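Chemist: After the structure tokens below, expect a handful of questions from me.
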Amino acid sequence: MEFKRSAGVFATGFVLSLIGYILGAIFTMVAASAASSYYRSDSAVLPGFLAFACFVLALIGSIMTVMGLYRAMVKIDALPVPAVAAPASVAQPTAPVASPEAPAQS
């Protein structure tokens, strides 16, 4: 099984999602402020589009982050697990631990 790289995808996705959500929130506030102005209501189109584009980039970044985490977890799960040997000082029981007694019949 050939593994794919995960660090670059994770880092790029994290940065995209962080910057996208921050810029999307800023452009949303700018668009809301421009839309509620008394003089010009058509000035909210560009900030609204930029907010939408930033939120789309943030969504793509979130998907890339999850994909990078998945790739890393697949690699970690595929690592060999060393066999743990039982300690030699543990004494083996000589008598049965608990055996059910049959009731005596008279």
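The values are calculated or read from the model by the stated rules, or taken from the named source; none is laboratory data. Just so it is clear, the structure is predicted and the values come from calculations on it, not from any experiment. So basically every Cβ, Gly included, is an ideal-geometry build from the backbone, and we count neighbours across all protein chains shown.
Chemist: Note down all Cβ pairs under 6 Å where the first residue falls in region 1-21 and is free of Cβ contacts under 8 Å to residues at least 40 places away in the same chain, the second is surrounded by 16 or more Cβ atoms within 10 Å (Cβ to Cβ), and they're at least six residues apart or on different chains.
Modeler: Within 6 Å, the pairs are TYR21/ALA58.
Chemist: Moving on. Return the only residue of ILE76, ILE19 being assigned to a helix (DSSP H, G or I) and modelled with pLDDT under 85.
Modeler: ILE76
Chemist: Name the one entry in SER37, SER6, SER43 that is modelled with pLDDT under 95 and in contact with a Leu (Cβ under 8 Å, 6 or more places away or on another chain). Give the steps one after another, and end with the answer.
Modeler: Working: SER37 fails: in contact with a Leu (Cβ under 8 Å, 6 or more places away or on another chain); SER43 fails: in contact with a Leu (Cβ under 8 Å, 6 or more places away or on another chain).
Only one candidate qualifies: SER6.
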